[in-house]
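Dumping the structure here so I can ask a few things about it.
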Amino acid sequence: MKRLAVFLAALFFSLIAFAETEIKHNPWELIIYRPENSRKINEVRCWLKIEDMEGNDVTYTAARATYEWASIPNKVNHYEKTYYLMGGMAMHLHNIKPGKYKFTFHTPADKQYPFPNEKRDWNSNAFIYDTDNPAKVIFVYPTVGESGFYNGGWIISGKSPEFFIFTKPQEKK
């Protein structure tokens, strides 16, 4: 009986200790997710560029990156040379050095096959990431015109794209 009382007391105090521990997101980790779209646009890569607030390219010095495919979760892959996304990929930035950064994505004109292009790069807006006020997940997705067709660009947002709720498979009832 004495052992049970000691065990329950230890359990109670450990629960109190963990209950008071504040759980916070690690500001040095970020997931950048590019949802799947149509097959052809999924194959078009967009490359990440990270700049510090002075405009210096720190893509490969400010953080390390790995990636996963949404269709094959929990299988971590390592980039061989450049940090890019394709439709259905999630990039994980690790060990981001403290500070503020400007993230952009681009696709050079010669890498846009099979889409016809006007010989111009597809560029994104700039997303400011601050390790003092970090996001946990951001999204990258292609821009579309009023007609609903892809028009050559990328959006970086802290919110999932509007179409994302409509492109998820529906459960059969």
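The values are calculated or read from the model by the stated rules, or taken from the named source; none is laboratory data. Because the structure is a prediction, the values reported are computed rather than measured. So basically every Cβ, Gly included, is an ideal-geometry build from the backbone, and we count neighbours across all protein chains shown. For accessibility, only protein heavy atoms count, side chains too; no ligands or nucleic acids. Shrake-Rupley method; radii C 1.70, N 1.55, O 1.52, S 1.80 Å.
Is the shape of the range 50-98 rounded, prolate or oblate, going by the alpha carbon gyration tensor and its root eigenvalues a ≥ b ≥ c, with a/c under 1.5 for rounded and a/b larger than b/c for prolate?
prolate
Just grab the label-to-label distance for residue 126 and residue 43, each label 7 Å out from Cα along the Cβ direction, in nm (one decimal).
Each label point is offset 7 Å from its Cα along the Cβ direction, giving 3.4 nm.
Quick one: which of 111/159; 75/159; 49/75; 81/159; 119/159; 136/159 span more than 21 angstrom between C-alpha atoms?
Too far apart for the 21 Å limit: 111/159; 75/159; 49/75; 81/159; 119/159.
Can you work out the accessible area per residue across the range 66-152, with the rest of the protein chains kept in place, probe 1.4 Å, in square angstrom?
With all protein chains present, the range 66-152 gives 60 Å² per residue.
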